[in-house]
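Engineer: Following this message is one structure expressed as structure tokens.
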């Protein structure tokens, strides 16, 4: 659950500070976790993943609520819940990359 909360907090920061475009936000979050920019293929894959997640969470409000209620910290009421859920999944992907886990 701690990793999910950490992913949600990175997602909030990505939405607030990362710009308005999906690609800009993907690059922002990627750089925060890996200290480098994604290559073209990585960016493309992650952008598609975020778009797919956005579509899923926009069509499943109950799944959105279920994901966002995890953990003890409060969820920002100023952000679109579907968007926050989608970027939480994105942040979780970043946290689970081999490169993240073995970073020196």
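Engineer: At R0 = 25 Å, how high is the FRET efficiency between residue 72 and residue 101 if r is their beta carbon distance? Nearest 0.05 is fine.
Structural biologist: 0.55
Engineer: Could I ask something else about it? Helix 22-34: angle to the longest alpha-carbon principal axis of the chain, degrees 0 to 90, nearest 10?
Structural biologist: 70 degrees
Engineer: If each DSSP helix of 4+ residues adds -39,500 (n - 2.57) and the sum is divided by the residues in the chain, what number results at 222 nm, nearest 500 deg cm²/dmol?
Structural biologist: Details: 6 runs with 76 residues, N = 104.
Calculated at 222 nm, the ellipticity per residue is -23000 deg cm²/dmol.
Engineer: Let me see the P(r) profile for region 2-101: every Cα-Cα distance counted, bins of 10 Å, each bin given as a percent of all pairs.
Structural biologist: 17, 53, 27, 2
Engineer: Let me ask something else about it. Roughly speaking, what is the stretch gain from residue 37 to residue 79, that is 0.36 nm per residue apart minus the C-alpha to C-alpha distance, in nm to one decimal? Mind showing how you got there, number by number?
Structural biologist: Values: separation 42, 0.36 × 42 = 15.12 nm, distance 2.54 nm.
Gain on stretching residue 37 to residue 79: 12.6 nm.
Engineer: Taking 8 Å as the Cα distance limit and 6 or more residues as the minimum spacing, I'd like the relative contact order of region 27-104 as a percentage.
Structural biologist: Relative contact order, region 27-104: 36 percent.
Engineer: Something else about it: Distance in nm between label sites at residue 45 and residue 17, each 7 Å beyond Cα in the beta-carbon direction?
Structural biologist: Simple spin-label model gives 2.6 nm for this pair.
Engineer: Identify which of 85, 11, 43 has the largest mean-square fluctuation in a Gaussian network model of the chain, with springs joining Cα atoms closer than 10 Å.
Structural biologist: Taking springs between Cα atoms under 10 Å, the residue moving most is 43.
Engineer: Which angle between 0 and 90 degrees, to the nearest 10, do you get for helix 40-59 versus the longest principal axis of the chain when only C-alpha atoms count?
Structural biologist: Value to nearest ten degrees: 0.
Engineer: Next question, about the same structure. Where does helix 2-17 land angle-wise versus the long Cα axis of the chain, in degrees 0 to 90, nearest 10?
Structural biologist: The angle comes out at about 80 degrees.
Here, each number is a calculation from the coordinates, and none is a lab measurement. Note that the coordinates shown come from a computational prediction; the quantities given were computed from them, not determined experimentally. Neighbour counts are summed over all protein chains in view; Cβ atoms, including those assigned to glycine, are modelled from backbone coordinates with ideal geometry.
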